[in-house]
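The values are calculated or read from the model by the stated rules, or taken from the named source; none is laboratory data. Being a predicted model, the structure only gives us computed values, none of them experimental. As a convention, Cβ positions derive from the backbone with ideal geometry for all residues, glycine included, and neighbour counts pool all protein chains shown. The area values use the complete protein model at the heavy-atom level, side chains included, leaving out ligands, DNA and RNA. Shrake-Rupley method; radii C 1.70, N 1.55, O 1.52, S 1.80 Å.
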Amino acid sequence: MYPYKIFTFPDGTGITLYEVFILIGVIAALVLFRILADRRKMPAKLQNLILIGAVVAFVIGYLSAVLFQAFYNALETGNFELNGSTGSTFYGGFIGGAVSMLLIYFIGGRLLFKSMKTSVEWLPTFANIAAACIPLAHGFGRIGCLTAGCCHGGITDAWYGITQWVETASGKYGWEKVVPIQLFEAIFLFLLAAFLFTLVWKKKGFGLSGYLIGYGVWRFVIEFFRTDDRGASFIPGLTPSQVTAILMVLIGVVLIAAYYITRKKKGQDVFIAPDLKENSKKIAEGKPSGEV
């Protein structure tokens with residue numbers, strides 16, 4: 001839609017709207033995290049650790065996104081290359097960013113609080129808050145994809161088509177009116193973020209599971225409508241993103257099952273968040289209580 005550089009550096013590289021929207025998404029996610037963490041009364045030191053970790057995780061996640069795309073390309077072409085045209089994939093960034101964030105969370109939490117207790121107690125709440133922040137950032141990233149012309153659908157004459165600079169059937173790039181899959185996904189992600197935000201704000205659980213299952217199902221289906229090059233997987237007929245989507249859904253289901261099994265064995269209070277424990281004590285003592 002507008003793949004041109006809006007700012008050019010002396011060496012010829014520059015910044016496009018794609019990078020701008022990614023930056024907007026990261027900032028929006030950090031602001032949302034702070035709002036929800038304050039709402040849930042998360043310790044300030046832990047909040048600051050997570051915010052610093054998020055910045056580091058973003059950088060590592062981007063490198064991971066490029067690395068995963070290189071592997072996807074290698075499965076399809078047989079050549080493993082890392083260069084300016086390699087591209088990136090959300091799932092690669094998500095996995096790399098999540099792993100690095102967890103390492104920072106637990107190692108940093110151990111150093112800050114001299115034990116793992118605080119980090120472990122707040123982990124479910126942190127996971128649910130992160131689950132609301134990720135689709136918000138991802139939604140802005142998809143708008144960036146719309147401006148860049150990647151992650152699009154097929155050529156169309158429909159009223160909802162948007163003209164973008166895409167690879168044509170001849171293998172060359174040109175202006176074509178295509179199905180704006182990126183826009184549809186951005187709308188879905190913003191709605192998913194709003195739903196998960198509501199869960200956390202109302203101090204409900206299953207935010208992480210809701211994200212994994214919700215986005216996993218969406219991504220599996222929407223991949224059938226994309227016509228850009230997405231690489232090959234070891235399962236014929238499925239893209240790498242669809243394989244990862246299946247794993248996301250399975251993990252989400254396993255987390256829900258594990259919650260109910262653990263609660264049945266250890267009692268209903270086993271997963272109560274630190275900010276709700278006081279309310280739980282009041283209920284046990286028969287005293288009036290707020291939301292639990």
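Per residue, how many Å² of accessible area does the stretch 148-261 show with a 1.4 Å probe? List each step's numbers first, then the result.
Values: 5850 Å² over 114 residues.
Solvent-accessible surface per residue comes out at 51 Å².
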Item to check | Heavy-atom accessible area per residue - the stretch 1-127, 1.4 Å, Å² | outcome: 56
Checklist entry - Per Stokes-Einstein, at 4 °C and 1.567 mPa s, what whole-number D in µm² s⁻¹ belongs to the chain, with the Kirkwood radius over Cα pairs as the hydrodynamic radius? => result 62
Next on the checklist: 7 Å from Cα along Cα→Cβ at both Thr227 and Arg110: what's the point-to-point distance in nm?
Outcome noted: 5.2
Checklist entry - Lys277: which aspartates and glutamates have alpha carbons under 18 Å from its alpha carbon, excluding same-chain residues fewer than 8 sequence positions away? => result Asp38, Glu121, Asp269, Glu285, Glu291
Next on the checklist: If each residue of separation counts as 0.36 nm, what is the full-extension length gain between Phe271 and Trp159 once their alpha-carbon separation is subtracted?
Outcome noted: 35.4 nm
Checklist outcome for this item: So the carbon and sulfur contribution to the accessible area of the stretch 57-98, 1.4 Å probe, in percent, is 66
Checklist entry - Each residue of the stretch 224-232 in order: what ³J(HN,Hα) in whole Hz does its phi give by Karplus 6.51 cos²θ - 1.76 cosθ + 1.60, θ = phi - 60°, with x for Gly and Pro? => result 5, 9, 8, 10, 7, 6, 10, x, 10
Checklist outcome for this item: Phi angles of the stretch 42-51, converted by Karplus (6.51 cos²θ - 1.76 cosθ + 1.60, θ = phi - 60°) into ³J(HN,Hα) in whole Hz with x for Gly and Pro, give 5, x, 4, 5, 5, 4, 5, 4, 5, 5
Item to check | Carbon/sulfur fraction of accessible area - the stretch 134-217, other protein chains in place, 1.4 Å, % | outcome: 70
Next on the checklist: Per DSSP helix of 4 or more residues, -39500 (n - 2.57); summed, then divided by the residues of the chain. What does that give at 222 nm, rounded to the nearest 500?
Outcome noted: -22000 deg cm²/dmol
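Between Glu121 and Val59, take the C-beta separation as r, use R0 = 30 Å, and let me know the FRET efficiency to the nearest 0.05. Intermediate values should be presented prior to the final figure.
Values: r = 28 Å, r/R0 = 0.94.
Working from the Cβ atoms, E equals 0.60.
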Next on the checklist: Order 91-103, 226-238 from most to least packed using the mean count of other Cβ atoms within 10 Å.
Outcome noted: 91-103, 226-238
